[in-house]
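The values are calculated or read from the model by the stated rules, or taken from the named source; none is laboratory data. As the structure is a prediction and not an experimental result, all values here were calculated from the model. All Cβ positions, even for glycine, are placed from backbone atoms using ideal geometry, and neighbour counts span all protein chains on display.
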Amino acid sequence: MEAKLNELKNRLSEVADLNAAGAVLGWDQATYMPAGGAEARGRQLATLGSLSQAKFTDAEVGRLLDALEPWAAQQAPDSDDAALIRKTRKDYDKQVKVSADWVARANLHIAKSYQAWTEARPANDFKSVEDHLKTTLDLSREYANFFPGYDHIADPLIDGPDPGMQASSIRSVFSELREQLVPLVQAITSQAETDDSALRHSYPEKEQLDFGLAVIKDFGFDFNRGRQDMTHHPFCTTFSISDVRITTRAQENYLADALFSTLHEAGHAMYEQGVNPAYEATPLAGGTSSGVHESQSRTWENIVGRSRGFWQHYYPKLQAMFPGQLKGVNLDTFYRAINKVERSLIRTDADEVTYNLHVMLRFDLELQLLEGTLEIKDLPAAWHARYKSDLGIQAPSDVDGVLQDVHWYAGFIGGSFQGYTLGNIMSALFYDAALQAHPSIPQEVASGQFGTLHTWLRENIYDYGSKYEPNELIERVTGGPLRIEPYIKYLRDKYGKLYTLS
Ligand code: ZN
């Protein structure tokens, strides 16, 4: 068994190396590559992708899994090797069940659909992408049907980014959350608008970046095993547990953009840097789901980085860096500015309170499309109706409506959005558990100390990588299932004070 296990690990390590090489190319494409490199880069990425796919789905991997599974079943339930075999089996079955013909058609279609979207969006022309979206919906349904036996047709699509999560349970958690959020947003936005003009002076880019880097160094981001570069749409990518890259962007006239995207991506990166080094180059390396990943980025960006305690410590430093711009702006004014709640049309610009409404309506629309209760041609109208009912606003066009996010045009329908809100819910659940273990965390944050929180997260979440699926991780860390109460309490406490709600 020892020899078979080693052989499996060697094969998986080669797959991980090919994927990491692809990640390096993808990172370079989004940071330093000159425009002329695009065509060759696309080809190189496709070559690496198909080599990795072929190596992973090799029949010998299946035979090794068959041979090792009875042995794994006899190991302690907490055994890393047993978890590796369980996780590899699940990934392997997923990949071999999907036909090569479908993969080829899907890749070709997504390239076309994405191209069409880049033209349709500036032209406000939903009609021109309607047929593409119909094909995307057909392909999404076809994918789900490679995995018969699901409860909801969206389940196989959700299982990729959020393993083990299902449409029905997410739907009921989301509808509870929506019931709480709609009146909360109503109560806040009926008050006078928050003045955030302090964030909109001229802030030189270099100082903005220096400040963000100093903060994430204090958080515990390891610069010996990671770095930050500039891009258009910030992201985090992992080459190995010892080399995790983040990217950011800066707007000279908006202080919050670079800073909070750096804190956000650093949260993703610290998760990846914190995985047990023994999992290197196996399917257990890396975060366990999009939701748990997002919970970590939101913890550092929002729960920590937009808290009053955090700014008690950092605001004097920020003022020292930008004495002219922040002259006469006191801590409370600044704190209110970075937590301004408003009804807005664009998901990625939304504040903590309204953000989830943007996400949940997209999730519901995805389910309706897959169920066949909504047709693609009616999607723009359904979009506007939900913005009206949930956020009380209507986009003047589809550009800020159904054409705003790339997800459905460069991927599939189903599974694209739920991770963002699951992450917000989980961020409060996990933070609550950390506070129960260490009630001193808020005071430490208020003096610029993050070691206790970071260590707790590393020991309870990061270290496990993908060993546990999200529901199991939540149960282990919080002693119960996914639930919204800590998140609602967090929002009510924080925004109740900011907006003097009853
Ligand atoms: Zn994120």
Against the conditions (1) under 21 Å from the mean Cα position of the chain (by Cα); (2) more than 16 Å from the ligand (Cβ to nearest atom); (3) on the phi > 0 side of the Ramachandran plot, where does A281 fall short? Just the number, please.
(1)
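Condition check: within 16 Å of the ligand (Cβ to nearest atom), touching a strand residue (DSSP E or B) at 6+ places or on another chain (Cβ under 6 Å) and hydrophobic (A, V, I, L, M, F, W, C). Does I246 satisfy that? Before the answer, list the steps.
Values: within 16 Å of the ligand (Cβ to nearest atom): yes; touching a strand residue (DSSP E or B) at 6+ places or on another chain (Cβ under 6 Å): yes; hydrophobic (A, V, I, L, M, F, W, C): yes.
Criteria met by I246.
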Does G164 satisfy the condition of being surrounded by fewer than 22 Cβ atoms within 10 Å (Cβ to Cβ), within 18 Å of the chain's Cα centre (by Cα) and either at positive phi or part of a helix (DSSP H, G or I) (or both)?
yes
Take V406 and tell me if it is touching a residue at least 40 places away in the same chain (Cβ under 8 Å), surrounded by 15 or more Cβ atoms within 10 Å (Cβ to Cβ) and assigned by TED's automatic domain parsing to the domain that holds I488.
no
Scanning region 348-360 residue by residue, the ones that are within 15 Å of F260 (Cβ to Cβ), crowded, with 17+ Cβ neighbours inside 10 Å and not hydrophobic (A, V, I, L, M, F, W, C) total 3
Filter region 246-301 down to residues that are more than 17 Å from Y464 (Cβ to Cβ), of a type outside the set (G, A, S) and outside any helix (DSSP H, G or I), then give me how many there are.
8
Selected residue (only one of A16, A38 is of a type in the set (G, A, S) and out of contact with any Pro (no Cβ under 9 Å at 6 or more places or on another chain)):
A38
So which residues in region 115-125 are surrounded by 15 or more Cβ atoms within 10 Å (Cβ to Cβ) and either part of a helix (DSSP H, G or I) or assigned by TED's automatic domain parsing to the domain that holds H384 (or both), if there are any at all?
A116, W117, A120, R121
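Determine which member of the set F363, F430, F412 is buried (at least 21 other Cβ atoms within 10 Å of the Cβ), more than 16 Å from the ligand (Cβ to nearest atom), assigned to a helix (DSSP H, G or I) and modelled with pLDDT of 95 or more.
Details: F430 fails: more than 16 Å from the ligand (Cβ to nearest atom); F412 fails: assigned to a helix (DSSP H, G or I).
On inspection, the qualifying residue turns out to be F363.
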Which residue, of V341, V329, is crowded, with 20+ Cβ neighbours inside 10 Å and more than 16 Å from the ligand (Cβ to nearest atom)?
V341
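How many of the residues making up region 249-263 are hydrophobic (A, V, I, L, M, F, W, C) and within 12 Å of the ligand (Cβ to nearest atom)? Please lay out each step first, then the result.
So in region 249-263, the residues hydrophobic (A, V, I, L, M, F, W, C) come out as 250, 255-256, 258-260, 263.
Narrowing further to those that are within 12 Å of the ligand (Cβ to nearest atom): 260, 263.
Count: 2.
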Which residues, taken from region 126-152, are surrounded by 15 or more Cβ atoms within 10 Å (Cβ to Cβ) and either part of a loop (DSSP other than H, G, I, E, B) or on the phi > 0 side of the Ramachandran plot (or both)?
F126, F147, Y150, H152
Just a yes or no: is a residue in region 233-240 surrounded by fewer than 22 Cβ atoms within 10 Å (Cβ to Cβ), hydroxyl-bearing (S, T, Y), away from the ligand (no atom under 16 Å from the Cβ) and in the same structural domain as Y487 (by TED's automatic domain parsing)?
yes
Does region 274-282 include one or more residues that are surrounded by fewer than 20 Cβ atoms within 10 Å (Cβ to Cβ), among the acidic types (D, E) and in contact (Cβ under 8 Å) with a residue 40 or more places away in the chain?
yes
Taking region 120-157 and keeping residues over 26 Å from the mean Cα position of the chain (by Cα) and acidic (D, E) leaves D125, E130, D131
Counting only residues in region 21-57 that are surrounded by 15 or more Cβ atoms within 10 Å (Cβ to Cβ) and not in a helix (DSSP H, G or I), the one nearest to the chain's Cα centre (by Cα) is identified as M33
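To keep it simple, each residue is scored yes or no on (1) within 28 Å of the chain's Cα centre (by Cα); (2) within 24 Å of D159 (Cβ to Cβ); (3) loosely packed, with under 12 Cβ neighbours inside 10 Å.
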position: R11; (1), (2), (3): no, yes, no
position: N19; (1), (2), (3): yes, yes, no
position: P77; (1), (2), (3): no, yes, yes
position: Y92; (1), (2), (3): yes, yes, no
Just one of (1) of a type outside the set (D, E); (2) without any contact (Cβ under 8 Å) to a residue 60 or more places away in the chain; (3) farther than 26 Å from L108 by Cβ trips up T47, so point out which.
(3)
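Give me the residue from region 264-276 that is within 11 Å of the ligand (Cβ to nearest atom) and aliphatic (A, V, I, L, M) and, out of that set, nearest to R249 (Cα to Cα).
Of the residues in region 264-276, the ones within 11 Å of the ligand (Cβ to nearest atom) are 264-269, 271.
From the residues that got through so far, the ones that are aliphatic (A, V, I, L, M) too are 266, 269.
Numbers: A266: 14, A269: 16 Å.
Result: A266.
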Any residue in region 283-301 that is closer than 10 Å to H268 by Cα and among the aromatic types (F, W, Y) sitting within a Cβ distance under 8 Å of a residue that is within 10 Å of the ligand (Cβ to nearest atom) and assigned to a helix (DSSP H, G or I)? List the pairs, counting only those 6 or more apart or interchain.
W300/H264; W300/G267
Just one of (1) touching a residue at least 12 places away in the same chain (Cβ under 8 Å); (2) away from the ligand (no atom under 16 Å from the Cβ); (3) surrounded by fewer than 20 Cβ atoms within 10 Å (Cβ to Cβ); (4) not small (G, A, S) trips up D378, so point out which.
(1)
